[in-house]
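Each remark here refers to the structure printed beneath this line.
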Amino acid sequence: TQSTWGTLKSLARVMKYIAAYLLAVLAGQSPSEKSVKAILASVGAQVDDEAVKKVVAELNGKNIEEVIAAGKTKMAAVAAVAVSAAPAAAAAAPAAGAKDEGKKKEKEPEPEDDGDMGFGLFM
């Protein structure tokens, strides 16, 4: 759906800051705004100072392994809801399609081209 696509695009914008934070942790540094910005600058990425501040503030002082474990649990719950909702949506789709046969179909917006296969994460 449109809101899901918007959420994914928003998440993709934040992921480069999270990835830079995690790289600083892996390098044995105590991540800071300065280190996150330096990592992003090293790959030529554009940096949003507010996004860096937010990510560092949200993760600062937290155990990264615990944050990742909590995220995995949340993602599993989301996936379970999506899987259980899929059969109901599939059953409802033919009925809705029959009602709308006479109506002109609107063209759905095409998702942005991901020709770089996700390697543009830091761009």
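Of (1) more than 19 Å from the chain's Cα centre (by Cα); (2) at pLDDT below 95, LYS34 satisfies all except one. Which?
For LYS34, the failing item is (2).
So ALA90 clears everything in (1) among the aliphatic types (A, V, I, L, M); (2) at pLDDT below 90; (3) under 18 Å from the mean Cα position of the chain (by Cα) except one condition, right? Which one?
That leaves (3) as the condition not met.
In segment 37-53, how many are within 18 Å of the chain's Cα centre (by Cα), assigned to a helix (DSSP H, G or I) and of a type in the set (Asp, Glu)?
1
The values are calculated or read from the model by the stated rules, or taken from the named source; none is laboratory data. Keep in mind it's a predicted model, so treat the numbers as computed, not measured.
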